[in-house]
1. For residues in the range 224-239 being aliphatic (A, V, I, L, M) and open to solvent by 10 Å² or more (accessible area, probe 1.4 Å), which is farthest from Ser314 (Cα to Cα)?
2. Please give the number of the condition Ile91 fails out of (1) on the phi > 0 side of the Ramachandran plot; (2) of a type outside the set (Lys, Arg); (3) open to solvent by less than 40 Å² (accessible area, probe 1.4 Å).
3. For the range 156-176, indicate whether the set of residues that are assigned to a helix (DSSP H, G or I) and under 20 Å from Arg349 (Cα atoms) is non-empty.
4. Check Ala225 against each of (1) touching a Phe, Trp or Tyr at 6+ places or on another chain (Cβ under 9 Å); (2) more than 25 Å from Gly74 (Cα to Cα) and name the one condition it does not meet.
5. Is it the case, given these coordinates, that Thr285 is polar (S, T, N, Q), open to solvent by 20 Å² or more (accessible area, probe 1.4 Å) and under 23 Å from Arg159 (Cα atoms)?
6. Got a sec? Which of Ala198, Ala206, Ala219, Ala188 is open to solvent by 30 Å² or more (accessible area, probe 1.4 Å) and under 29 Å from Ser21 (Cα atoms)?
7. Quick check on the range 61-88: of everything there that is closer than 23 Å to Ala249 by Cα, among the small types (Gly, Ala, Ser) and out of contact with any Leu (no Cβ under 8 Å at 6 or more places or on another chain), which residue is least open to solvent (accessible area, probe 1.4 Å)?
Amino acid sequence: MADESRAYRDLLPDLAPWHASRDFRLMWVAGLITAFGSFLTFVALPVQVKELTGSALAVGAIGTVELVPLIVFGLYGGALADAMDKRKLIIYSEAGLGLVSAVLLVNSLLPEPMLWPLYVVAALTSALTGIQRPALDSIVPRIVPHEHLPAAAALNSLRWQLGGIAGPALAGFIVAYAGLPWAYALDAGTFAVSVGLALMLAPSPAAREAVAPSLHAIAEGARYAWNRKELLGTYAIDLAAMFFAFPLALFPFLADDLDAPWALGLMYAALPAGSLLVSLTSGWTRRVHRHGRAVMLSAAGWGLAITAAGMMPSAWAVLLLLTVAGAFDMVSGVFRAAMWNQTIPDELRGRLAGIELLSYSVGPVAGQFRSGGVAALTSVRTSIWSGGVVCAGAVVLLAACLPKLMTYDARTNEHAVRERDRRAAAAAEREKTEKTEKAGKGGGPDGVPAPGPAT
């Protein structure tokens with residue numbers, strides 16, 4: 001019976017971060033609301049470009065205009081996250097994202113919507129995301145106990161998956177039956193709610209060792225990442241997987257090729273649906289310690305699933321394989337985040353989060369242009385399956401070139417041990433300070449009021 005109970009618990013997500021941290025709960029709910037709205041626009045924007053141009057290359061070009069702002073502001077946003085209050089940075093950038101979403105709404109209401117504002121908004125959204133995400137990522141190790149960070153990574157992914165399933169599925173329905181303006185209006189509304197929740201977060205000031213944002217500070221973070229080959233391996237593998245095998249820009253054309261326009265929203269939802277299945281059964285991740293191997297194997301599995309999806313003649317088979325690909329991507333994401341959050345010092349967390357942002361965002365952005373370009377030269381199907389093949393091969397090659405990634409063990413890695421000990425010492429110091437403050441206010445060593453003077 002005990003073994004059955006343990007097996008059951010291992011199939012459920014670990015909710016310890018949710019119970020332990022009020023700020024984590026606030027961020028989780030705000031992130032879920034924002035993700036839902038953002039995925040509405042994620043579907044609506046390429047559909048509108050397709051309607052205006054009829055070109056796969058034009059849709060893929062969305063990724064091109066997003067690339068440079070993401071690189072520049074992702075790195076600068078990491079330095080900002082180390083140098084200023086992370087809460088303020090999250091609030092300001094969230095409000096900015098809401099404003100640019102409103103621009104899409106206004107443009108869609110014009111008698112003849114214009115094409116160029118779509119690319120401008122895509123670039124601005126990319127820049128604001130680059131500023132915000134390092135703060136969002138680097139605040140998590142501050143508000144969640146060290147031992148619960150893998151569970152926090154799974155729960156944070158879960159919120160994106162819930163939004164990623166409901167958002168695209170609803171977007172396909174709204175765009176088809178209500179029109180693009182309704183999708184953009186709902187997205188803008190979600191940002192108003194998420195800003196209100198972010199205002200309730202506790203301040204998260206810069207560390208005492210923080211340095212002002214500068215090229216030197218960014219270079220310092222880059223040098224640290226370069227010297228940590230196991231971290232470098234996570235960046236390189238995810239970048240390769242997303243660049244070669246992220247064909248989302250082709251989904252509108254793949255749905256047409258399959259003669260299944262009804263499947264478009266489901267295609268966008270299939271990837272997060274697969275991730276959701278892993279998140280809902282993620283309790284087993286606490287028993288995995290060789291995170292580097294898990295990253296490599298799951299990234300290779302992602303590439304193979306995309307390869308098979310590109311070859312299938314049935315829309316339902318494609319949806320199934322995209323779901324499998326999403327599951328592999330989720331496994332990779334959980335263990336990448338665990339390695340990052342459990343080994344990087346607080347004073348460098350923002351800058352390294354900026355580099356991480358590039359690893360998991362530049363690949364998809366550039367991958368959209370790659371897939372669109374290859375489709376224009378060959379065909380939609382060829383672009384998808386060939387990218388998956390190259391992805392799997394690149395992942396295996398990178399793993400062979402970076403042995404420290406394959407030997408990483410969270411129980412013995414020197415950086416993980418150092419951070420674990422540092423956070424344990426900090427927790428003990430806080431507890432000691434709280435007891436001292438209680439005693440200073442008239443309490444005894446155990447919080448019991450001290451006896452008054454004899455009368």
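1. Leu232
2. (1)
3. Pass one, the range 156-176, residues assigned to a helix (DSSP H, G or I): 156-176.
Now restrict to residues that are under 20 Å from Arg349 (Cα atoms): 156-157.
Checking the range 156-176: at least one residue is assigned to a helix (DSSP H, G or I) and under 20 Å from Arg349 (Cα atoms).
4. Every listed condition holds for Ala225 apart from (2).
5. Taking the combined requirement at face value, the residue does not satisfy it.
6. Ala206
7. Gly63
Table: residues versus (1) in contact with a Ser or Thr (Cβ under 8 Å, 6 or more places away or on another chain); (2) in a helix (DSSP H, G or I).
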| position | (1), (2) |
| --- | --- |
| Leu271 | yes, yes |
| Gly274 | yes, yes |
| Gly283 | no, yes |
| Ala299 | yes, yes |
| Gly310 | yes, yes |
| Pro313 | no, no |
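The values are calculated or read from the model by the stated rules, or taken from the named source; none is laboratory data. All values derive from a computational prediction rather than experimental measurement. Here the Cβ is made from the backbone with ideal geometry for all residues, glycine too, and neighbour counts use every protein chain on show. Remember, those area values only see protein heavy atoms, side chains included, never the ligands or the DNA or RNA. Shrake-Rupley method; radii C 1.70, N 1.55, O 1.52, S 1.80 Å.
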